[in-house]
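Have a look at the structure below, then the notes.
The values are calculated or read from the model by the stated rules, or taken from the named source; none is laboratory data. Everything numeric in this text was worked out from a predicted model, so none of it was measured. Every residue, glycine as well, gets a Cβ built from its backbone with ideal geometry; the counts of neighbours run over all protein chains shown. Accessible surface areas use protein heavy atoms only, side chains included; no ligands, DNA or RNA. Shrake-Rupley method; radii C 1.70, N 1.55, O 1.52, S 1.80 Å.
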Amino acid sequence: MTTDTRQLKTWLAATARKDSDAFRSLYDATSSKLFGFALRILVKRELAEEVIQESFVSIWNNAAGYQAGLAAPMTWMTTIVRNKAFDALRRLDSAVEIDADNFDKEVMDALESIDPTPIEALQISDESKALARCFAKLESMHRQAIALAFYHDLSHSEVATQLALPIGTVKTWVRRGLERLRLCLTKLEGV
């Protein structure tokens, strides 16, 4: 079932006000796609089910923090599912290293494609498209650090904790990533 972005934003806004009917509609419209995404990461159905449950609890609790100007609803929810799935992998084996460069590519391309659906194409501004193109060019770990900092409004130390990295590394990745975004957007403006 596909639902347009405007409807998802409406349900998220109502969920932020703790409207359980809107939350149910949001769940019904997105859970199967998000479950498929979690299943591709985790492989085991029971793990994916657990991650989806945790993710929707997080969506319920954090809907008020969703900022429509920063991310499409599915991108925001996908990021939550992705982080919960990675957390689950780390819980299973604390030594597991998630190679985002290889691991994310196939999975993330499916759900975070910069190519909008026809409905989204009518809604997305040229600036948003340019930002999405430039964001997609960043190294995956830089994208992840920036997404956690800006989409989830986490501090550098919180991002470092989430990614299990030194804070200096996170600060460098965010700074370099933002600089690359600025340069990319400047080049696109000149075209």
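Table for the structure above
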item: Net length gained if the chain between LEU188 and ALA68 were fully extended (0.36 nm per residue, minus Cα distance); result: 40.9 nm
item: Point-to-point label distance, ASN61-LYS9, nm (Cα→Cβ direction, 7 Å offset); result: 2.7 nm
item: Label-reachable residues, region 34-75, where backbone N falls under 15 Å from a point 7 Å from SER140's Cα toward its Cβ; result: 38, 40-43
item: Entries of LYS33/LYS84; LYS84/LYS137; LYS44/LYS84; LYS9/LYS137 with Cα pairs more than 18 Å apart; result: LYS84/LYS137; LYS9/LYS137
item: Given charges at beta-carbon only (K, R positive; D, E negative), |dipole| of region 1-61 in Debye; result: 180 debye
item: Accessible area per residue, Å², region 1-88 with all protein chains present, probe 1.4 Å; result: 49 Å²
item: Long-range HN-HN contacts of LEU70 with modeled amide H, under 5 Å; result: none
item: Full-stretch length increase - LYS44, SER157 - with 0.36 nm per residue and alpha-carbon distance subtracted; result: 37.5 nm
